[in-house]
Amino acid sequence: MMNLLCASFIPLLVSTTASGRRSMMTTSSSSCKMAVFSDIDGTLVHYPKHLMQQGNNSGDDGEDTHYDDNNSDLLYLPPSKTGQRGVISFKTLRLCQQLRNEGVPFVLVTGARSTTLFQRLPYLPRADAYVSESGGRIFYPHYSINDLVDGMVDGVLVQPQPYEGCPSSHLEPFTLVEDLLWRDEISNLECAGTDGYSKLAPRAGSDGFSTLTPPIPIEQRSGKLWAHARSLQKQGFFLDSSGYATAFRINRKHQEDDLASTFDEFLHRCKNRNGVPDELGCSTNLGCVDFYPKMSGKKNVCDYILRNFFPGGRDSDESISLKSHACCLCDDDNDVEMALACRNAYLPSVTSESMRKLASENRNVIVTETEGRIESLATEAALEMILNDVKSNNV
């Protein structure tokens, strides 16, 4: 088993020579009239309490076995940059693939830094698009790995992990191509600018990457996002920008005692947009605040991607919308706008009272977690509900 798992992420250094700015998105040719957008952490990937209590004994280098010794139906992910390690069930992987087999576009949407997403891709469901940094960056799989394509991500070749019941096509390696139309918009100086992007090179370590070009310090970055970052630094906040090009995070756990003790007040101000520039958006979740360009955010990026999936969407056809053509899976506060915008939102876990309140007040927000059905079982239940709707032609 070990020899199947050791080479899960094979870096590839490439350069691009093609010119022009374009989106790699292809229009859906299926008769299906719905796309599925899914968060990752707490939604598809879970962090069982007994693993956290063990302190992640399996190590931080991700080189050991990725199967749970006590449950052969689970696949371990490598640890994130913050040291957390999650699991995803084989059944979750199979159900996501079944949705795609039915012609349903499937998109992963996360607030995580791009480097963390890249490292996790071998363990995640195959998707038609991948979104990181709370909507700041969009990537599409590209299967002709020897092609030199404009927008191809340096340093990334994804070798998917096998799981029970996976089709051979699932194991086909792929590269990533960034949506350059979206990137051009995000890179506007009124948004994030261009200084946060770096070329990547492979290395051993918790995130699997180093940079060919050192990241430009926040103090020297142009763009409204980084101007706000500097203003927060002057207030004493410690910012996490490592691996981010279009966003940054402020984590309560990383602050000095005086700011940590008043962090709830800071969260409240951010929720009410007090002190947040008009050009920026922000979301709060589990003691963290993410800042990003206002045009970004999970809801906006989902709407952009959806309109590329269906005929007429790019022409601003009002009949194409998240409310009519999308559902999502999510779990926490930074998913609220996306959840309310979609036709249905499925919550395999509820991480806050605000999300519980959201579900109680909106019949289209469906909690699949029960006392006897938690974590992966609740995720599988949500995916089965969506799949049943698709097969019964309700969508």
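Some observations on this one:
- D331 open to solvent by less than 20 Å² (accessible area, probe 1.4 Å), at pLDDT 90 or above and assigned to a loop (DSSP other than H, G, I, E, B): yes
- Within region 264-276, restricting attention to residues that are of a type outside the set (V, I, T) and closer than 16 Å to K234 by Cα, the residue that is least open to solvent (accessible area, probe 1.4 Å) is F266.
- Per the conditions (1) surrounded by 21 or more Cβ atoms within 10 Å (Cβ to Cβ); (2) more than 22 Å from N334 (Cβ to Cβ), the sole criterion not satisfied by S261 is (1).
- Look at region 358-372: where a residue is closer than 8 Å to A345 by Cβ, no partner that is of a type in the set (D, E, K, R) and surrounded by 14 or more Cβ atoms within 10 Å (Cβ to Cβ) sits 6+ places away or on another chain with Cβ atoms under 6 Å.
- For region 362-380, taking the residues that are of a type in the set (A, V, I, L, M) and farther than 24 Å from S324 by Cβ, the one that is surrounded by the most Cβ atoms within 10 Å (Cβ to Cβ) is identified as A378.
- Qualifying residue in region 334-346 (condition: assigned to a loop (DSSP other than H, G, I, E, B), under 30 Å from H268 (Cβ atoms) and open to solvent by less than 60 Å² (accessible area, probe 1.4 Å)): yes
- Taking the numbered list (1) open to solvent by 10 Å² or more (accessible area, probe 1.4 Å); (2) closer than 20 Å to N300 by Cα in turn, A359 passes all entries but (2).
- Candidate set from region 281-311 (those that are aliphatic (A, V, I, L, M) and open to solvent by 20 Å² or more (accessible area, probe 1.4 Å)); member that is farthest from D240 (Cα to Cα): M295
- The set of residues in region 245-280 being free of Cβ contacts under 8 Å to residues at least 24 places away in the same chain and small (G, A, S) consists of A260, S261, G275.
The values are calculated or read from the model by the stated rules, or taken from the named source; none is laboratory data. What you see is a predicted model, and the numbers here were worked out from it, not measured in a lab. So basically every Cβ, Gly included, is an ideal-geometry build from the backbone, and we count neighbours across all protein chains shown. Just so you know, the surface numbers come from the protein's heavy atoms only, side chains and all, with ligands and any DNA or RNA stripped out. Shrake-Rupley method; radii C 1.70, N 1.55, O 1.52, S 1.80 Å.
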